[in-house]
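Notes for the one structure printed next.
Where a number appears in this text, it was derived from the coordinates with a stated rule and is not lab data. For clarity, every value in this text was computed on a predicted model and none was experimentally measured. No Cβ is skipped: glycine too gets one built from the backbone with ideal geometry, and neighbour counts run over all protein chains shown.
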Amino acid sequence: MKEIVNEVHIVCKDESELSESEHELLKEAQAATWRSYAPYSNFSVGAAVRLSDGSIVTGNNQENCAFPSGLCAERTALFYANSRYPDLAVEAICIAARGLDGEFTRVPISPCGGCRQVMLEVEHRFGRPLKVMMYGTDGVYILQSARDLLPVGFEELV
Ligand code: THU
């Protein structure tokens, strides 16, 4: 028998400790929450991704009355970025969310399993780690790679 131990490295910063570029990405993720379409959950999620040329692309959750047909903010942003700029690597993604009370969540918003899988493939596709920033009013979690969100991901086909 052998044991595999996976360590996950998460830096937790106060908003005031973010670098200029991190702060810019956060502001875009927050702004994107206001453009989400979430009439069923009233949970508005915004995602902003930084591309290798420095530009930022945003997305948000898009719901549908046939619930599974909707899509999370992270995948909306990543798929849009990859469809519009297939040759630009995605370097970072920042996520923010507002709940029923309209306020940004206190706890950092954490991506669902499907989005983690997509992030992992984005890393593989561009051959570089995808930095993940998860915003909450209590603090911002920063991970240097999506691998930290999905240590034993499905990669058989990629
Ligand atoms: N949602 C996201 O957009 N991203 C996440 O990381 C978690 C959940 C969306 C899906 C759905 O529209 C709403 O939030 C409630 O689950």
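A few notes on this one:
- Residue that is surrounded by the fewest Cβ atoms within 10 Å (Cβ to Cβ), among those in region 100-126 that are among the small types (Gly, Ala, Ser) and touching a residue at least 24 places away in the same chain (Cβ under 8 Å): Gly113
- Output for region 21-37, where each listed residue is over 14 Å from the mean Cα position of the chain (by Cα), touching a residue at least 12 places away in the same chain (Cβ under 8 Å) and more than 14 Å from Gly102 (Cα to Cα): Ser21, Glu24
- Yes/no for Cys94 being over 15 Å from the mean Cα position of the chain (by Cα) and either of a type in the set (Phe, Trp, Tyr) or not in a loop (DSSP other than H, G, I, E, B) (or both): no
- Given (1) in contact (Cβ under 8 Å) with a residue 24 or more places away in the chain; (2) surrounded by 13 or more Cβ atoms within 10 Å (Cβ to Cβ); (3) away from the ligand (no atom under 16 Å from the Cβ); (4) not aromatic (Phe, Trp, Tyr), index of the condition Ser55 fails: (2)
- Of the residues examined, Tyr40 is one that is more than 16 Å from the chain's Cα centre (by Cα) and without any contact (Cβ under 8 Å) to a residue 40 or more places away in the chain.
- In region 101-122, the residues that are within 11 Å of the ligand (Cβ to nearest atom) and either touching a Cys at 6+ places or on another chain (Cβ under 8 Å) or not in a helix (DSSP H, G or I) (or both): Thr105, Pro108, Ile109, Ser110, Pro111, Cys112, Gly114, Cys115
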